[in-house]
1. Take the alpha carbon gyration tensor of the chain, find the square roots of its eigenvalues, order them as a ≥ b ≥ c, and report rounded if a/c is under 1.5; if not, report prolate when a/b exceeds b/c, else oblate.
2. Using only the alpha-carbon atoms, how far is helix 74-98 inclined from the longest principal axis of the chain? Give it as 0 to 90 degrees, nearest 10.
3. Less than 11 Å from a label point 7 Å out along the Cα-to-Cβ axis of residue 16: which backbone N atoms in segment 75-119 qualify, by residue?
4. To the nearest 10 degrees, how steeply does helix 47-61 sit against the main Cα axis of the chain, on a 0 to 90 scale?
5. Sort 36, 2 so the one with the fewest other Cβ atoms within 10 Å of its own Cβ comes first.
6. Find the Cα radius of gyration of segment 1-69, compare it with 2.2 N^0.38 Å by division, and give the number to two decimals.
7. Quote the FRET efficiency, to the nearest 0.05, computed for residue 126 versus residue 69 with a Förster distance R0 of 30 Å and r equal to the Cβ-Cβ distance.
8. Okay, helix-only estimate at 222 nm for the chain: each DSSP H run of n ≥ 4 adds -39500 (n - 2.57), divide by all residues, round to 500 deg cm²/dmol; what do you get?
Ligand SMILES: [Zn+2]
């Protein structure tokens, strides 16, 4: 399987679930209000690109947070964000397995996936700890309706 074929299969998976994929944007993101995933237009198609896209697919199909009904506080907001981020990485890998990408792209794919997962997730935890309550609230709104 080529990288392009892997990309096509991920996009097809997303679109079959009503999620649009816009590859002409500035960054990787999931826009809840539009049921859209955006990808940066000037990025090279490589394993890292596929991993980032899968993470956003994870966001697009993940269930609602367990914590969203709790009274909003710095603690419950942190719990919500960390849950959603970890879960999006977890689900993205499940999607990759469902699409048989680990077999098709071999060991390098899994290595790239889990190293990106650990790197971005831990970096995010460190950054969140520096956020003000306002910044956290703004962040929180990306995960709930
Ligand atoms: Zn994320």
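1. Verdict is prolate for the chain.
2. That works out to roughly 10 degrees.
3. Those under the cut-off are 98-100.
4. Value to nearest ten degrees: 50.
5. Ascending number of Cβ neighbours within 10 Å: 2, 36.
6. Dividing the Cα Rg of segment 1-69 by 2.2 N^0.38 Å gives 1.13.
7. 0.60
8. Here the helix-only value at 222 nm equals -20000 deg cm²/dmol.
None of the figures in this text is laboratory data; all of them are computed from the coordinates on show. Note that this is a predicted model, so its numbers are computed, not measured. Ideal geometry is used to build each Cβ from the backbone, glycine not excepted, and the neighbour counts take in all protein chains shown.
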